[in-house]
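All remarks here apply to the structure that follows.
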Amino acid sequence: MAATTSNVLQLQDPNRRSRTLWQRAISRLRRDRLTLLAMGVLLALMLLSYGSPLVNRYVLGVDPLLPDTPNRLLPFGAPGHLLGTDDLGRDHLARLLSGGQVSLSISIFSALAILGIGLVVGLVMGFSPGVVDDIFNWLITTLDSLPSLYLLIAVSALLQPSPQALILIIAVTSWTGAARLVRGETIARRELDYVLAARTLGASRWRIMFVHILPNLLSILAISLTVGIGGVILAESALSFLNLGVQPPTPTWGNMLIDSRIYYRTAPHLILMPGLLISITVLCLFVLGDGLRDAFDPRTED
Amino acid sequence: MLVTGAVAQDQPGPGEGGPIILSNLGSDIATLNPILAQDGSSQAVINRLYPTLIGADVETFNYAPGAPGSLATSWSISEDGLTYTFTLRDDWAWSDGTPITSADVKYGFDAVASGETNTALTYILDDVAAVEAPDPQTVVLTLHAPSCAALTNIGPLPVVPAHQYAELFPTFAAMNEAELTAVGNVSAGAWTFGNVRPGEQVTLLADQSYPDATAGQVTPEGWIFKNVADQTISYEQFLAGQFTWDGAPEGREDEMRALAAQGYQVHEYPAASLRFIALNSADPANPQDGLDESGNAIDQGHHPILGDVRVRQALMYALNFAELNEGALGGEGVQLASHVLPSSWAFDPELAVYPFDLAMANQLLDEAGFVDDDSDPATPRIATEDALYAEPGTPLAITLSTNSGNEASEAIGVLLTSQWGAAGIDLNYQAIDFNVLVEQLTGQTFDAVMLFWGFGFPDDPNGATVNFSPVNDVVAAGFNVTSYNNPEWTALMDQANTVPGCDEAQRIELLQQAFAILREDVPWIWLNTSNVVVAAQPNVQGWDPRGQLVGWNESSWIIPR
Amino acid sequence: MARYIVRRMLQAIPTFFGITILAYLLMSLTPGGPLAALYFANPRLSPQDREAIGLRLGVNDPAPIQYLRWLIGDDWMRWDSDGDGAADKSFLIPLDVNEDGAPEPPGERYGVLRGDFGRSFFNNRPVLEVLTERLPATLELSVSSFILGTAGGVLVGVLAALNKGRWFDSLSRVLAVVFDSIPGFWLGLILLLVFSVGLGWLPLGDRCRTTLDPSCPPIWQRINYMILPVFVLSVSSVAVLSRYVRASMLEIISHDFIRTARAKGLSERRVWFFHALRNGMITLATFIGPAITGLLGGAVITETVFNYQGVGLTIVQAFGQRDYPIVMAVTIYAALATILGYLISDVLYGIVDPRIRY
């Protein structure tokens, strides 16, 4: 009975419970050194990548798109090119940074789009049992049963692969997992006492959805977003491998990795660095995802 | 004690040597029927299973009687140049024992001429009107009109076992529907058909009845054409000794050259192909044929930007080939002034390539009415009232498309974007799906397309496929995709093809005049041809490549097991 | 249980139609159709020839008709009612498509529902033959990766949970995340360069030795060819699954029923294996469905890098050639595998979780 009371009380301040959840999570994260390290690395990578127009211009003093063929395939530590140059003499470090900007943007926006679609569809499904739920269920099963690779190939042939198209392609083909997740959580929470109480008190369906359910989903969504961004970075490199990714001259970590593979004997640093950056970024995202999961888990002991 | 080299070993007898193994980086074979083959993989297998009517001499690279693997021991041409009479050898039979006769040549031609098959060889019909087989050892060809390039259009005539084909296919159309392995099991060559595992490999077996084996026997046990999905892996497998010989991937030629120090047998030859950029001079929004049904020219409109020859010339002047070669072609590229390769007898060494001259490019663009309105190098030039076909205010922007997956082409696209950008041309470079690219190219809806042009062997500049006249300007069905139409060029080429007696000096003079016109008009940018570097394993004996004929004597190679 | 399975099978029927319609739609929307793909080497093909080839391949009709022909054949669309060999009746499609005055021949296709998968556009081979040739390679890779991946994942996860906080736990967690973060192509290439090129211990790709005999020896004679590709395919399953298994084991240990079991005096081992492990299996059951799809999707890159020619490479090549019948057949195969995977996962739920009743 005590639990019900506290939930009813909470109705007067609907965000209180989730705020304490977040506060607890933050205080836990502060003590999780591995997760903090991952966050630090990610922050540094994002700062460098998104600051790459400035860094390249004022710090490195090079244009990542401008070829300089006499200085092609320079090794690490060449004068003026800390990480050497690629097959067209472009500064490798500058390209890694601006490639990072493209790769990270593709991944972040795709993951957000996946989450957005998943959230809307999942909430709608969770709150509209019956025909709507059945139809979306059928759509999700159908999309899940089509090999994702086939979907990716077909849609990439349909749209010429630009970063924007790639975001669309990835979002359209990958939202089903997020929708399933949100639907499941929504259904689980729909029947919880405090939601039932809110309903008895006459709250509208939308109010319940946005005031009572959504805030409670945020932690799960944050975890899913973190892991999702990592997944898309890997997917982007896989698409580049199949010639379906972003096409040159726009650098991405994926196409830099794939396009440099013929130089793996003469200039191995070209294939090493993008691969390392992809792995490190994804690694940090996954570690962060695990850390968030632990931090938000109410069962974790402080 | 170590045995040094294979000399100490006994020479293997017929079919006792190890098999030849080659890497197939292309697709699977589509067919074993020479009438229907049009892809490189099928052709590689078919060339080893079927004889040809005429073949090229391995020293001169010209068609010559008695070339290995060919049927004609001699031929004569009538006074009027319309009738070609070939005498066939009588010492060769199909693998089922049936002698090879003139009927086998006639069947191949009749199938192509029937129009019922999905053959890619219909260009033969441009020259050849009929094939007769008056007796088993005589083939008589009649031409529509005298043509000095007739032999290059006769060379690809398919020769097939007529007795087998006639029995298998009640109509010519029936071969379109045939199973992959319906034919090929009756063959004539150094090899007989062994097996095909699509997606994996094609195998052929030694055929000791082959009369043209240079060593008097077919030494390797067989021939394997193995699919490899990725070129990097294929090259590593070659280095691991798994392929008898292989070519260097584009950009890695120097690595392969260096293998000579380790005992690999390295060979180089000029490629029989070139990389081109087609520049569409007609309106891409409304593609039209060159001629209507009664042969009158159709108004095809003009490409707003590329329709002006000065813009096309400016592209040439703004192109820095040295940079392309160094950055994208690994220094192996050879710049071209025309589409005729340096290896051709008609090549004009005097014809100059366009020099890299940015000032000239800028001047031509100014004259063409495209001006730099804001002196900001980052923005393209803008069309003024003076522009011939562009609306005033149109930015000088063109799209260059190429197929995705070719790294050298991608690098060229990147370099051209900056080179042409320096002249105020906004190049939108895109690498797209191959099928989409082909549809744009043949459908004539493109601005500029970068692809490869492969030449026949031996080749003649008057060959049917290199015909940039309005007759060949057919939407979705012609080689003149840029809608080039210069009557002077067409007339010179026609003259060169009908020089009485086909006097070579006279032909060269006419052809070279035509090449010079094409150079001025720039309907295509003939970007580059390349050196091809190939290498065989150190332990392969008898490897004796002649130019591009790397495997001409493969039946006598000795490959230790 | 049997009723449940039947019901799930029935539910798969609309899914099947959804998949095939979507797949056909996407394919026919893709620019650069089969004719461009087949005849790029021959731009001299006249428009009439193109029309005739399109007619033979059945790609001239509108997409819904093409789909119907693929699904249930066209012998009922255009047929010969009086037995003179020429078509004289038609339904949905015109008798004379190319308007040359002569009716087109009667339809001869039966459609996939009647077992006719058609022939490859590219080389005219029966689609089923192509698929059965390619399947063994894919199955041997994916089944062994699946077994190794799940077994390894459960084992590592359970051991990590048992040794919580000790070095094995930390090491396995770090390795799990590391291997999950490496792009598959890169990992494959590095492994090849190290173990095949550098050390020479393992073959450089391929499914078996290249010989004149095109068939590969039995699988146990070429384990060395499978080590690297199976490792690459299974390592991320181990990584993902072990993390889930570990988490769910730790969660369950803190639950009341385990405490009760302990209180009842059951030995530590019994508690683990008869309660905790069974509940951990629920995690596994959830994991199986997506894992099967993932293996099929991820196999393309592994197949390419290791030149292991299976259905993954087939669908990529077939799509490149716009070989509709092959693409559709592989799609159906993958869809069936996925549906089966989810079914198995649901049935497993029922077995390991007594609370679930069908």
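The values are calculated or read from the model by the stated rules, or taken from the named source; none is laboratory data. The model shown is predicted, which means the values in this text are computed figures rather than measured ones. Here the Cβ positions follow ideal geometry from the backbone for every residue, glycine too, while neighbour counts run over all protein chains shown.
Evaluate the range B:399-415: report whether one residue or more is at positive phi, within 14 Å of chain C (Cβ to nearest Cβ) and not β-branched (V, I, T).
Keep residues of the range B:399-415 that are at positive phi, which gives B:405.
Filter again for within 14 Å of chain C (Cβ to nearest Cβ), leaving B:405.
Then drop every residue that is not not β-branched (V, I, T), which leaves B:405.
Checked against the condition, which is being at positive phi, within 14 Å of chain C (Cβ to nearest Cβ) and not β-branched (V, I, T), the range B:399-415 yields at least one hit.
Would you point out the residue of the range A:128-143, among those that are at the interface with chain C (Cβ under 7 Å from one of its Cβ atoms) and out of contact with any Leu (no Cβ under 8 Å at 6 or more places or on another chain), that is surrounded by the fewest Cβ atoms within 10 Å (Cβ to Cβ)? So that I can check it myself, show each step before the final result.
Pass one, the range A:128-143, residues at the interface with chain C (Cβ under 7 Å from one of its Cβ atoms): A:138, A:141-142.
Still in the list and also out of contact with any Leu (no Cβ under 8 Å at 6 or more places or on another chain): A:138, A:141.
Working: A:W138: 15, A:T141: 21.
The extreme case among them is A:W138.
Within the range C:42-92, work out how many residues are within 14 Å of chain B (Cβ to nearest Cβ) and under 17 Å from C:F121 (Cβ atoms).
Summing the residues that are within 14 Å of chain B (Cβ to nearest Cβ) and under 17 Å from C:F121 (Cβ atoms) in the range C:42-92 gives 13.
Can you name every residue in the range B:181-214 that is under 23 Å from B:G26 (Cα atoms), small (G, A, S) and part of a strand (DSSP E or B)?
If the condition is that a residue be under 23 Å from B:G26 (Cα atoms), small (G, A, S) and part of a strand (DSSP E or B), then B:G194 is the only one that fits.
So which helices (runs of 4 or more DSSP H) stay within the range A:144-207 end to end and still have 3 or more residues that are within 12 Å of chain C (Cβ to nearest Cβ) and under 30 Å from C:I326 (Cβ atoms)?
A:148-158, A:163-174
Quick check on the range C:56-101: of everything there that is of a type in the set (V, I, T) and part of a helix (DSSP H, G or I), which residue is surrounded by the fewest Cβ atoms within 10 Å (Cβ to Cβ)?
C:I65
Determine which single condition A:G100 fails, assuming it passes every other condition in (1) closer than 24 Å to A:I233 by Cβ; (2) assigned to a loop (DSSP other than H, G, I, E, B); (3) not aliphatic (A, V, I, L, M).
Among (1) closer than 24 Å to A:I233 by Cβ; (2) assigned to a loop (DSSP other than H, G, I, E, B); (3) not aliphatic (A, V, I, L, M), the lone unmet condition for A:G100 is (2).
Conditions first: (1) surrounded by fewer than 17 Cβ atoms within 10 Å (Cβ to Cβ); (2) closer than 22 Å to B:Q231 by Cα. C:R207 passes all but one, so which condition is the exception?
Among (1) surrounded by fewer than 17 Cβ atoms within 10 Å (Cβ to Cβ); (2) closer than 22 Å to B:Q231 by Cα, C:R207 violates only (1).
A:L277 - would you say it is part of a helix (DSSP H, G or I) and in contact with an Asp or Glu (Cβ under 8 Å, 6 or more places away or on another chain)?
On the way: part of a helix (DSSP H, G or I): yes; in contact with an Asp or Glu (Cβ under 8 Å, 6 or more places away or on another chain): no.
No: the conditions fail for A:L277.
Go through (1) exposed (fewer than 14 other Cβ atoms within 10 Å of the Cβ); (2) in a loop (DSSP other than H, G, I, E, B); (3) within 14 Å of chain B (Cβ to nearest Cβ); (4) not basic (K, R) and name the single condition C:E104 misses.
That leaves (1) as the condition not met.
So how many residues does the range A:241-273 have that are more than 18 Å from the chain's Cα centre (by Cα) and either basic (K, R) or facing chain C (nearest Cβ under 10 Å) (or both)?
12
Go through the residues of the range B:153-163 one by one and say whether even a single one is over 22 Å from B:S70 (Cα atoms) and surrounded by fewer than 19 Cβ atoms within 10 Å (Cβ to Cβ).
No, the range B:153-163 contains no residue that is over 22 Å from B:S70 (Cα atoms) and surrounded by fewer than 19 Cβ atoms within 10 Å (Cβ to Cβ).
Which residues, taken from the range B:248-271, are within 14 Å of chain A (Cβ to nearest Cβ) and among the acidic types (D, E)?
Listed by number, the residues that qualify are B:E250, B:E253, B:D254, B:E255.
Can you pull out the residues in the range B:222-233 that are closer than 22 Å to C:T211 by Cβ and either away from chain C (no Cβ under 11 Å) or in contact with a helix residue (DSSP H, G or I) (Cβ under 8 Å, 6 or more places away or on another chain) (or both)? Talk me through it step by step, then tell me what you get.
Step one: filter the range B:222-233 for residues closer than 22 Å to C:T211 by Cβ, giving B:222-230, B:233.
Of everything in the range B:222-233, those that are closer than 22 Å to C:T211 by Cβ and either away from chain C (no Cβ under 11 Å) or in contact with a helix residue (DSSP H, G or I) (Cβ under 8 Å, 6 or more places away or on another chain) (or both) turn out to be B:W223, B:F225, B:V228, B:A229, B:D230, B:I233.
One line per residue, one yes/no per condition, for (1) in a helix (DSSP H, G or I); (2) within 20 Å of C:P31 (Cβ to Cβ):
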| site | (1), (2) |
| --- | --- |
| B:A387 | no, no |
| B:E391 | no, no |
| B:T399 | no, yes |
| B:G405 | no, yes |
| B:Q419 | yes, no |
| B:A423 | no, no |
| B:Q430 | no, yes |
| B:N435 | yes, yes |
| B:V438 | yes, yes |
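From the list B:Y107, B:Y84, exactly one residue is away from chain C (no Cβ under 14 Å), touching a strand residue (DSSP E or B) at 6+ places or on another chain (Cβ under 6 Å), modelled with pLDDT of 95 or more and under 18 Å from B:G155 (Cα atoms). Which is it?
B:Y84
Among the residues of the range B:153-177 satisfying the criterion of being of a type in the set (S, T, N, Q) and part of a helix (DSSP H, G or I), which is nearest to B:Y84 (Cα to Cα)? Before the answer, list the steps.
Step one: list which residues in the range B:153-177 are of a type in the set (S, T, N, Q), which gives B:153, B:164, B:171, B:176.
Now drop any that are not part of a helix (DSSP H, G or I), which leaves B:153, B:164, B:176.
Working: B:N153: 12, B:Q164: 27, B:N176: 30 Å.
Looking at the filtered set, the residue picked out is B:N153.
Determine which single condition B:Y269 fails, assuming it passes every other condition in (1) among the hydroxyl-bearing types (S, T, Y); (2) surrounded by 23 or more Cβ atoms within 10 Å (Cβ to Cβ); (3) in a strand (DSSP E or B).
Here B:Y269 clears every test but (2).
Which residue out of B:D433, B:D473 is in contact (Cβ under 8 Å) with a residue 60 or more places away in the chain, acidic (D, E) and within 13 Å of chain C (Cβ to nearest Cβ)?
Details: B:D433 fails: in contact (Cβ under 8 Å) with a residue 60 or more places away in the chain.
Only one candidate qualifies: B:D473.
Using beta carbons and a limit of 7 Å, which pairs, at least six apart or on different chains, have the first residue in the range B:234-247 and at the interface with chain C (Cβ under 10 Å from one of its Cβ atoms) and the second one part of a helix (DSSP H, G or I)?
Note: pairs meeting the criteria are B:E236/C:V197; B:F243/B:Q237.
Select, from B:V466, B:V475, B:V471, the only residue that is at pLDDT below 90 and in a helix (DSSP H, G or I).
Matching residue, one of B:V466, B:V475, B:V471: B:V471.
When you check A:L96 against the structure, is it surrounded by fewer than 18 Cβ atoms within 10 Å (Cβ to Cβ) and either in contact with a Gly (Cβ under 6 Å, 6 or more places away or on another chain) or modelled with pLDDT of 80 or more (or both), yes or no?
No; evaluated as a whole, the condition is false for this residue.
Between a first residue in the range B:180-201 that is facing chain C (nearest Cβ under 7 Å) and a second residue that is of a type in the set (K, R) and surrounded by 23 or more Cβ atoms within 10 Å (Cβ to Cβ), which pairs have beta carbons less than 7 Å apart while being 6 or more apart in sequence or on different chains?
Listed pairs, sorted by first residue: B:G199/C:R134.
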